Amino acid sequence: MNNMDNIVKIQSVSEVTHDVKCFRFEKPDSYSFIPGQATEVSVNEEGWREEKRPFTFTCLNEDPYLEFTIKGYPERKGVTAKIHTLKEGDELIIRDVWGAIAYKGEGYFIAGGAGITPFIAILRQLHEDNKLKGNKLFFSNKTAADIIYKDELKAMLDDDAVFITTGEEGDSYEHTRIDEAFLKKHVSDFSKHFYVCGPDKMISDINEVLLALNATADNVVFEK
Ligand SMILES: Cc1cc2nc3c(=O)[nH]c(=O)nc-3n(C[C@H](O)[C@H](O)[C@H](O)COP(=O)(O)OP(=O)(O)OC[C@H]3O[C@@H](n4cnc5c(N)ncnc54)[C@H](O)[C@@H]3O)c2cc1C
């Protein structure tokens, strides 16, 4: 343990999708973060304390609790699989916050899968502050069942939440990749900010397209 380590008790665990859970836990005194920031997390159990992985806060900074929204990868037998077995009363270790991605002004949020998490924090805060207008979300998933906080995102953003599925036909979402044609159809102002978060392949593909359209993005790579 070092000075920056905070042991926090889990207060509740809820299912978000078939492979994503929401964990709420104690907020240490004077702990605070900016929406989009993350911290290194481990499980406070023998053999797991030094297995640190980054996760993003999805609550509001003013909430009396902290919250992570975590996609589990059971096949990897790593930290997310372990965290998904935890229950109320179990403990995590969280460390200092660090910036993953920060809101700089109105623009377009492009997320793949669990890459939505920094944007959840940012969009919830903008919604709370009544400043969401002028922002638009493109959220890509394999199937409709994978869409994290679908109803909340729709309620907050209405037509400015565009869901895309890449792995199944026949649902009511756009079945496409986020390519040049897609962005030209949905983006009215390429001089606005672009925020991109997801697997590294998705980010490099989208950056290439944005570059061709004379736009640049702030990125967070979630998975190699
Ligand atoms: C800044 C940042 C913030 C993040 N915030 C969140 C968040 O809020 N919510 C969220 O859900 N995720 C988030 N992530 C992603 C999250 O950190 C990873 O999903 C997590 O680290 C995976 O940990 P793991 O131990 O389960 O698996 P890993 O550490 O990826 O893998 C454990 C072991 O499994 C093996 N392995 C690795 N990849 C594979 C593979 N593809 N198939 C089979 N085996 C494999 C390897 O041997 C590896 O050692 C964030 C990532 C970053 C960079």
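Throughout, read-outs are computed from the coordinates displayed, never taken from laboratory work. All of these numbers come straight from a predicted model, not from anything done at the bench. Methodologically, a virtual Cβ is constructed for each residue, glycine included, from the backbone with ideal geometry; neighbour enumeration extends over all protein chains shown.
Each of 7, 89, 214 was placed along the dipole of the chain (beta-carbon charges, centred on the mean Cα), and the one lying farthest toward the positive end is 214.
Listed by number, the DSSP H helices of the chain that run 30 Å or longer by alpha-carbon position along their axis and have mean Kyte hydropathy of at least 0.5 come to an empty list. Within the chain, antiparallel bridges make up roughly 55 percent of the DSSP beta bridges whose residues both belong there.
In whole angstrom, how far apart do the alpha carbon centroids of region 45-118 and region 165-210 sit? Region 45-118 and region 165-210 have Cα centres separated by 24 Å. As a rough guide to protection, the peptides 117-123, 67-73, 145-151 ranked by mean Cβ packing within 10 Å, highest first, stand as 117-123, 67-73, 145-151. Annotation: for a label point projected 7 angstrom from Cα along Cα→Cβ of residue 61, residues of region 76-106 with backbone N closer than 15 Å are 97-105.
A straight chain from residue 131 to residue 214 at 0.36 nm per residue would run longer than the Cα-Cα distance by 27.3 nm. Computed packing ranks the peptides 131-137, 91-97 as 91-97, 131-137, most packed first, by mean other Cβ atoms within 10 Å. For the chain, the 222 nm mean residue ellipticity estimated from helices alone, with every DSSP H stretch of n ≥ 4 adding -39500 (n - 2.57) and the total spread over all residues, rounds to -5500 deg cm²/dmol.
Highest mean packing first, where packing is the average number of other Cβ atoms within 10 Å per residue, the peptides 157-168, 182-193 line up as 157-168, 182-193.
Overall shape of the chain was characterised from the C-alpha gyration tensor. The equivalent ellipsoid obtained from it has semi-axes of 30, 19, 16 Å, in decreasing order.
Suppose we take every Cα in region 107-223 and form the convex hull; what volume per residue is that in Å³? Spread over its residues, the Cα hull of region 107-223 gives 95 Å³ apiece. Count the DSSP beta bridges whose two residues both fall in region 107-223, then state the antiparallel fraction as a percent rounded to the nearest 5. Of the beta bridges lying entirely in region 107-223, close to 0 percent run antiparallel.
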